[in-house]
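Here is the structure we will look at, set down as structure tokens.
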Number of protein chains: 2
Amino acid sequence: MADSDDPKSLTIASRQQPASADRVPCKECPLIHCRGLSAPDEGQRAWIEAFKSSEARYVRGEQVLRQGVRATRLFTVLEGVLIRYRLLEDGRRQIVNFLFPGDLVGLQAAFEAELTHSVEAMTDVRLCVFPRDRFFDLAVSHPKLSFDLTWMAAREEAALEDHLVSLGQRNAQERLAYLAVFLVQRGAATGVSREGTLRLTVTQSQIADMLGLSLVHTNRSLQALRRLKLVDWTLSTISVHDMEAARSFAQMDGDPYIPRPYI
Amino acid sequence: MADSDDPKSLTIASRQQPASADRVPCKECPLIHCRGLSAPDEGQRAWIEAFKSSEARYVRGEQVLRQGVRATRLFTVLEGVLIRYRLLEDGRRQIVNFLFPGDLVGLQAAFEAELTHSVEAMTDVRLCVFPRDRFFDLAVSHPKLSFDLTWMAAREEAALEDHLVSLGQRNAQERLAYLAVFLVQRGAATGVSREGTLRLTVTQSQIADMLGLSLVHTNRSLQALRRLKLVDWTLSTISVHDMEAARSFAQMDGDPYIPRPYI
DNA sequence: CGGTCGCTTGAACGATTTCAACACATGTGG
DNA sequence: CCACATGTGTTGAAATCGTTCAAGCGACCG
């Protein structure tokens, strides 16, 4: 495989060929019905269909993109959840964000830049694959798509801003509450889960690496939130019993439900 | 002024009308000669010229955009430095990023979203003003510009990712070293300063609010870095004596000098 | 001159990390 | 089947990093 996004995982998974056998036509894109996503119209979907080169699948734990390489493809999440993280040389890891259906994966690749982060599947995932080389055609041929692309980049930037505020200003319990609410709401908006609860396997070690906390302190703070009856976060399930209480505990403002465009 | 980006500052500055009297033609854009910036070609500059509605000036301390409002204009930095920050309800402040010449200000405004942050001038600044309403024309009429726009959004996202890693994984001294290097290099790339030193007035309180540290601890860590002869950061000047040493102290990787497009 | 701003210092306190151990479930090879 | 390793969560105790409170200093300004 000449491609640099070799899906060999550092952690768990055994090697697995992305099976691009079946392929969902964009006209029947399952994401159309997500209330958190605003679908492109039929004409756009036809055009996207032509742009899309294939579909890829990865199992939980596999790496989709690796930090430091120049990838030749970009992706869109069709199904499943992934994380995006950066490793420092001494092994410290910062999880930068979670990726849900409709999200763009590896936008940096479009600019021929070295990736500054890796991407790993948190669940089994299906991705739409787009070739980098024809990426520039997008802007030329279909301005609305290009506009949406900028929109998506801006939206991701806003999410990172939120996380930044969290790491900079909130203490451990507030960060946890914030992240729980963030994930549950993103899950609900993208059809991964129903309101208030998200079934997703996240280890405490991953939570710690997202929030810049030690594993031990993450564990204790999680217990504290459970006692407060604000958030109950287990290995397989995140539940926020009282969304409003949790939001105000974490000092979250702003509308949770702005529908996002996707490609 | 019907516009919601009223430049009345919460902090210092007295009210000042943006004087759009003189206006630099884009063909003679002073940023052309910045080695850190890759200028649009002549054709593009002509088109940008038409898109640009005016120029605005703000003095140090003035607010350019205010969190929570829907702005009708977006800006580009022609000269000077600004900060972008978010306030929490209880008064905590997180500075999200610094803005240098060539940077886009208020991209969120383009999508009719409420701004999630405020923007304030750190020095006297000159901004190019673009109307939000004609923004969509950009994508339609000139794909390359639209492409650059996405590029800029992606670049800003990458910067936030860097800051996020800093807040999540680095201790106080490392964060300070990282920020100093970041600012000095951005300054050098955009012609604000010469290599190794940046003349820019930043209070320790602002540094603290950027790095998620208390004022007192910021002060002590700054002194420690001075004793280590890594970074000497005073109210008016940031100097990094040994760039390589500072970079490795802060565990920074990746190329500092990727030329950025601007508009 | 009083007042504000930015910086500095000391000391006590508290949040978070680190070290170390153990419990529990799962999977694997002998 | 057991023995063993591995991944995840939990707990206790000590150490460290960072915060908070409180005070003082010099510069600048009206």
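The values are calculated or read from the model by the stated rules, or taken from the named source; none is laboratory data. Fair warning: this is a prediction, and the values are worked out from it, not measured in the lab. Here the Cβ is made from the backbone with ideal geometry for all residues, glycine too, and neighbour counts use every protein chain on show. When the accessible area is computed, the model is the full protein with side chains, heavy atoms only, and any ligands, DNA or RNA have been set aside. Shrake-Rupley method; radii C 1.70, N 1.55, O 1.52, S 1.80 Å.
Could we say that B:Ala224 is assigned to a helix (DSSP H, G or I), farther than 25 Å from B:Pro101 by Cβ and either within 16 Å of DNA strand C (Cβ to nearest atom) or in the same structural domain as B:Gly91 (by TED's automatic domain parsing) (or both) here? Judged against the criteria, B:Ala224 is a match. When A:Arg199 is tested against the conditions (1) under 25 Å from B:Val96 (Cα atoms); (2) away from chain B (no Cβ under 11 Å); (3) in contact (Cβ under 8 Å) with a residue 24 or more places away in the chain, the lone failure is (1). Output the residues belonging to region B:154-182 that are over 29 Å from A:Ser214 (Cβ atoms) and either within 13 Å of the chain's Cα centre (by Cα) or of a type in the set (Val, Ile, Thr) (or both). B:Arg155, B:Glu156 - these are the residues of region B:154-182 that are over 29 Å from A:Ser214 (Cβ atoms) and either within 13 Å of the chain's Cα centre (by Cα) or of a type in the set (Val, Ile, Thr) (or both). The set of residues in region B:150-188 that are more than 8 Å from every other protein chain (Cβ to nearest Cβ), surrounded by fewer than 22 Cβ atoms within 10 Å (Cβ to Cβ) and among the polar types (S, T, N, Q) comprises B:Asn171, B:Gln173, B:Gln185.
Counting only residues that are within 8 Å of DNA strand D (Cβ to nearest atom) and in contact (Cβ under 8 Å) with a residue 12 or more places away in the chain, region A:221-257 holds 2 of them. Check region A:110-123 and report whether any residue there is crowded, with 23+ Cβ neighbours inside 10 Å, among the aliphatic types (A, V, I, L, M) and farther than 28 Å from B:Pro261 by Cα. The answer is yes; a qualifying residue exists. Apart from one condition, B:Val216 fits all of (1) closer than 27 Å to A:Ser166 by Cβ; (2) within 14 Å of chain A (Cβ to nearest Cβ); (3) open to solvent by 70 Å² or more (accessible area, probe 1.4 Å); the exception is (2).
Among the residues in region B:25-39, are any of a type outside the set (Val, Ile, Thr), in contact (Cβ under 8 Å) with a residue 12 or more places away in the chain and within 14 Å of chain A (Cβ to nearest Cβ)? Yes: region B:25-39 contains one or more residues that are of a type outside the set (Val, Ile, Thr), in contact (Cβ under 8 Å) with a residue 12 or more places away in the chain and within 14 Å of chain A (Cβ to nearest Cβ).
Could you tell me whether region A:127-141 includes any residue that is more than 9 Å from chain B (Cβ to nearest Cβ), among the aliphatic types (A, V, I, L, M) and either out of contact with any Pro (no Cβ under 7 Å at 6 or more places or on another chain) or open to solvent by 10 Å² or more (accessible area, probe 1.4 Å) (or both)? Checked region A:127-141: at least one residue is more than 9 Å from chain B (Cβ to nearest Cβ), among the aliphatic types (A, V, I, L, M) and either out of contact with any Pro (no Cβ under 7 Å at 6 or more places or on another chain) or open to solvent by 10 Å² or more (accessible area, probe 1.4 Å) (or both).
Checking each residue of region B:183-194 against the condition of being closer than 21 Å to B:Val125 by Cα, under 18 Å from the mean Cα position of the chain (by Cα), away from DNA strand D (no atom under 12 Å from the Cβ) and without any contact (Cβ under 8 Å) to a residue 40 or more places away in the chain gives at least one match.
With respect to being more than 16 Å from DNA strand C (Cβ to nearest atom) and assigned to a helix (DSSP H, G or I), A:Leu198 falls outside the description.
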